[in-house]
Structure formats: C-alpha cells, structure tokens
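The values are calculated or read from the model by the stated rules, or taken from the named source; none is laboratory data. Fair warning: this is a prediction, and the values are worked out from it, not measured in the lab. Counting neighbours? That spans all protein chains shown, and the Cβs are built from the backbone with ideal geometry, glycine included. For the accessible areas, the whole protein counts, side chains as well, though only heavy atoms, and no ligand, DNA or RNA atoms are used. Shrake-Rupley method; radii C 1.70, N 1.55, O 1.52, S 1.80 Å.
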Amino acid sequence: MTESMRARVEKAVQESNGALTIEFAKTAIAQKEREIAYENSLPAWKQGYASKNAVATAQNDIAYFEAVIEFLTEQAAAEAVAETVQVIAAIVTVANKAKAVRRAVATLANKLHRLSFSLSDSFKRAWAFVRAFNGLLPSLS
C-alpha cells in the first residue's frame, strides 16, 4: 500500500465513524468483481471505451477496498496487542511465570488468528512479541 493510499484510507476510516468495516469492504470487492466479470462477458463489439473505463474504475476500487481491509486488520492487531500487554503486565505478579507467559502467547495468537492470520503465523508473531516484551521486563526471566 502506497503512502498516499494509506493516507486516503486512514482519512476515510476516521470519517466513516465505524461504518467502514472489513465485512463492508469484502462485500464491495465482491460487487466490483461481479461488475468486472459482467463487462468482460460482453461481446467484443460492445466492449468500447465506457466498458474499459468501468473495468479500470472497478479495479481501482478493489485496490482501495483491499487497502481498507489491510488497514483495519492492522488496527485490530494493534488493539489485540494492547490487550495482551495488559495480560503480560499481570505476569509480573504471578508466581508461575512460565504458565502465564504461555497463556499470554496463546491469547495473543488466538486474537491474531481471528484477524485472518494463519494459526502458525499468529503463534510466531505472538512469541516474537512476548520475547521482545520479555526483554523489556527482566523480571520475567
């Protein structure tokens, strides 16, 4: 995603007040894909400038909504990390630190998995985050 696209998406998400969701973007992408399929199914003699312009516009809209999905997923992941930080902060007071660390990793990994990351990738990211956090809190070692 380019910087200009990121700025455009960020502004649109802020102005939408929660109306622009991942589900809405997926629905819009499906609609645009149907529009492209219709325009491409027309006979060659009907596919003029207007048809090509409609396909190009739909492709640009698809790129925009894919950027919206990426941005909203990043926001949701950041919120999941913030919640997990609270769980990890509670680890400092827990007697069985190994169990608490595994619990924090599992909590974060499940939240990332719900955000459409693969389970393997979500656990790798969660462990990387906890290792980085562990470096900040030597009392966890």
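In region 98-106 there is no residue that is at pLDDT 75 or above and under 20 Å from I69 (Cα atoms). Scoring R8 on the criteria (1) closer than 23 Å to H113 by Cβ; (2) in contact with a helix residue (DSSP H, G or I) (Cβ under 8 Å, 6 or more places away or on another chain) leaves a single failure, condition (1).
Can you pull out every residue in region 48-84 that is polar (S, T, N, Q) and modelled with pLDDT of 80 or more? Break it down stepwise before answering.
We begin by selecting, within region 48-84, every residue polar (S, T, N, Q); these are 51, 53, 57, 59-60, 73, 75, 84.
Answer for region 48-84, where residues must be polar (S, T, N, Q) and modelled with pLDDT of 80 or more: S51, N53, T57, Q59, N60, T73, Q75.
So that you can scan it fast, the table gives a plain yes or no per residue for (1) modelled with pLDDT under 85; (2) at positive phi:
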| position | (1), (2) |
| --- | --- |
| T2 | yes, no |
| A7 | no, no |
| E15 | no, no |
| G18 | yes, yes |
| T21 | no, no |
| F24 | no, no |
| A30 | no, no |
| E35 | no, no |
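Anything in region 7-32 that is open to solvent by less than 90 Å² (accessible area, probe 1.4 Å) and more than 17 Å from Q59 (Cα to Cα)? List them, or say none. The answer is A7, E10, A12, V13, S16, G18, A19, L20, T21, I22. Here region 107-126 is the region considered, the condition is being at pLDDT 80 or above and open to solvent by 90 Å² or more (accessible area, probe 1.4 Å), and the residue that is farthest from E70 (Cα to Cα) is K124.
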